[in-house]
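Asks: One structure coming up, written as structure tokens, with questions to follow.
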Amino acid sequence: MIAIADLPGRLVGRFEGRDHGSNVSFFIGTFDPGTGPSLHTHPYDETFIVEAGGATFTVGDETFELGAGQIAVVPANTPHKFVSGAGFRLISIAPSDHMIQEDLEA
């Protein structure tokens, strides 16, 4: 059993599967309005589950709004980012025992 509050990271929590005997990693994040990761890629699909609030996502050449109760899947090696709105909270799932990210913006 692992408490979310005990997970490391600048977000609410970052779970690296290999540290816990799992082949899945995830983070649970609460973001201030106007914040989010810069454009980046992963060598695996990434699944986002929005728990609260909303954000503007950019995935490849497409931009869309994603809100509470919605799910988005970003294909492997596809550049993506988001900018959060008020009260934005999500879970991001990576089918990897650790997170691998290549940042495309400074």
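Asks: Looking only at strands (runs of 3 or more DSSP E) that fall completely inside the stretch 16-82, which ones have 2 or more residues that are over 20 Å from Ser96 (Cβ atoms) and in contact with an Asp or Glu (Cβ under 7 Å, 6 or more places away or on another chain)?
Replies: 54-59
Asks: Please find, within the stretch 81-101, the residue that is nearest to Phe64 (Cα to Cα) out of those that are touching a His at 6+ places or on another chain (Cβ under 9 Å) and aliphatic (A, V, I, L, M).
Replies: Within the stretch 81-101, the match that is nearest to Phe64 (Cα to Cα) is Ala94.
Asks: One residue is enough: does the stretch 67-74 have a residue meeting the conditions at pLDDT 95 or above, under 28 Å from Met1 (Cβ atoms) and in contact with a Ser or Thr (Cβ under 7 Å, 6 or more places away or on another chain)?
Replies: So far as the stretch 67-74 goes, yes, one or more of its residues are at pLDDT 95 or above, under 28 Å from Met1 (Cβ atoms) and in contact with a Ser or Thr (Cβ under 7 Å, 6 or more places away or on another chain).
The values are calculated or read from the model by the stated rules, or taken from the named source; none is laboratory data. In this text, all values refer to a predicted model and were calculated from it rather than measured experimentally. Here the Cβ is made from the backbone with ideal geometry for all residues, glycine too, and neighbour counts use every protein chain on show.
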